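Structure, as structure tokens:
The values are calculated or read from the model by the stated rules, or taken from the named source; none is laboratory data. Remember, predicted model here, so these are calculated numbers, not experimental data. Because the Cβ atoms are built from the backbone with ideal geometry, glycine has one as well, and the counts that use them run over all protein chains shown.
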Amino acid sequence: MLRISAGSVHPVTAPPIADGAVLVDERGKIAAVGPAATVAAPAGARQLEFPDGTLVPGLVNCHTHLELKPLPGGFARSAR
């Protein structure tokens, strides 16, 4: 298990949490998200603390440029 705490936690499906924490299980899945005082670290869990940081648990970076793939010769050639 891994417990990560931060000054600000922004869950994807809930309002931001000041002084929050996230618990991640052995499979890399989010097991708990909430105020740091309510997300306890199990015995032996690794702990990371970022008091001035921001966590966004559950965020999937979907940034892509798929719209540029079908251009003949690539984007640079088509832009000329």
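Quick look at the numbers
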{"read-out": "The range 34-61, subset over 13 Å from the mean Cα position of the chain (by Cα) and part of a loop (DSSP other than H, G, I, E, B), residue surrounded by the most Cβ atoms within 10 Å (Cβ to Cβ)", "value": "Val39"}
{"read-out": "Phe75 being of a type in the set (Phe, Trp, Tyr), at pLDDT 95 or above and surrounded by 10 or more Cβ atoms within 10 Å (Cβ to Cβ)", "value": "no"}
{"read-out": "Complete set of residues in the range 5-50 that are among the polar types (S, T, N, Q) and modelled with pLDDT under 95", "value": "Thr13"}
{"read-out": "Members of the range 4-33 that are of a type outside the set (A, V, I, L, M), out of contact with any helix residue (DSSP H, G or I) (no Cβ under 9 Å at 6 or more places or on another chain) and part of a strand (DSSP E or B)", "value": "Gly7, Ser8"}
{"read-out": "Residue among Ala14, Ala18 that is surrounded by fewer than 15 Cβ atoms within 10 Å (Cβ to Cβ), farther than 18 Å from Leu59 by Cβ and of a type in the set (A, V, I, L, M)", "value": "Ala18"}
